[in-house]
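Below is one structure, written out as structure tokens, with a few remarks after it.
The values are calculated or read from the model by the stated rules, or taken from the named source; none is laboratory data. Since the model is a prediction, treat every value here as computed from it, not as a measurement. In this analysis, Cβ positions are derived from the backbone assuming ideal geometry, glycine residues included, and neighbour counts consider all displayed protein chains.
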């Protein structure tokens with residue numbers, strides 16, 4: 001029986017996972033190496049809950065009850081009582097493997113470990129733990145409180161009971177689970193990121209400006225957000241990381257990251273989170289940077 005959910009990483013994804021878990025009635029502990037980031041995460045969760053209250057989706061009592069279920073810590077050892085731990089750290093295989101090696105000595109024997117990775121092999125990550133049969137991918141979409149989908153990815157060793165427990169948990173969180181095989185970038189990013197990468201190539205080759213490309217896809221394909229605007233929202237470093245995983249994992253030149261995407265990341269122009277990417281967010285209205 002899953003009662004307590006651990007979340008590793010207090011960034012946007014980890015905060016969102018903690019948010020929906022607490023609202024769904026689970027006790028949650030978020031860990032991060034930064035106490036300051038943990039404080040920001042709790043403040044951000046409260047703001048997002050307040051938005052739900054303002055829209056009539058939650059009551060004030062629901063908000064305070066949910067906040068009361070969330071604890072924070074800088075120590076992985078505090079996941080000892082967690083029934084499921086979802087890792088939502090930066091999209092780096094080396095970082096994730098190091099976290100899992102430090103985490104598993106503190107866990108209960110039957111605790112399930114999940115990764116929110118958007119592209120990295122679940123089988124390889126599971127091999128860094130003492131429980132590959134109790135390990136799987138649980139890829140939430142951003143922003144977690146609003147997006148309905150969770151991709152569920154089994155590693156080669158994931159057992160049926162683990163998959164079923166996480167599928168049921170996903171449904172209790174109010175999300176729709178979709179099973180994906182353990183191939184690079186799974187389903188959504190296997191399709192979405194090459195489209196974004198192609199949009200960057202379209203800009204790089206001068207086929208259209210930032211504004212023209214985003215307007216064309218919003219009005220011509222009925223997308224709610226243009227691909228370059230979406231890249232800024234996701235984070236250009238994350239986009240590049242996923243494209244590199246696809247390129248290396250599938251050895252197909254069609255997944256080669258656009259040199260302009262690489263250049264933006266090298267410049268530190270990572271999108272909304274730093275105030276500049278394909279758009280400059282320093283003013284009232286985002287302005288194209290190219």
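Observations
- Residue-level analysis places residue 125 outside the set of residues that are closer than 13 Å to residue 85 by Cα, assigned to a helix (DSSP H, G or I) and in contact (Cβ under 8 Å) with a residue 12 or more places away in the chain.
- Among (1) surrounded by fewer than 14 Cβ atoms within 10 Å (Cβ to Cβ); (2) in a helix (DSSP H, G or I), the one test that residue 65 misses: (1)
- Scanning segment 7-21 turns up at least one residue that is part of a loop (DSSP other than H, G, I, E, B) and on the phi > 0 side of the Ramachandran plot.
- Residue match in segment 255-271 (condition: assigned by TED's automatic domain parsing to the domain that holds residue 208 and at pLDDT below 95): no
- Segment 22-62: number of residues that are more than 20 Å from the chain's Cα centre (by Cα), part of a helix (DSSP H, G or I) and closer than 16 Å to residue 173 by Cα: 2
- Enumeration of residues in segment 102-122 that are in a helix (DSSP H, G or I) and either over 25 Å from residue 237 (Cβ atoms) or not assigned by TED's automatic domain parsing to the domain that holds residue 19 (or both): 104, 105, 106
- Residue identified as in contact (Cβ under 8 Å) with a residue 12 or more places away in the chain, out of contact with any helix residue (DSSP H, G or I) (no Cβ under 7 Å at 6 or more places or on another chain) and assigned by TED's automatic domain parsing to the domain that holds residue 113 among 151, 165, 171: 165
- Scanning segment 189-236 for residues that are free of Cβ contacts under 8 Å to residues at least 40 places away in the same chain, assigned to a helix (DSSP H, G or I), under 21 Å from the mean Cα position of the chain (by Cα) and buried (at least 19 other Cβ atoms within 10 Å of the Cβ) gives 227, 230.
- If you check 34, 118, 21 for being within 30 Å of residue 189 (Cα to Cα) and in contact with a helix residue (DSSP H, G or I) (Cβ under 8 Å, 6 or more places away or on another chain), only one passes: 118.
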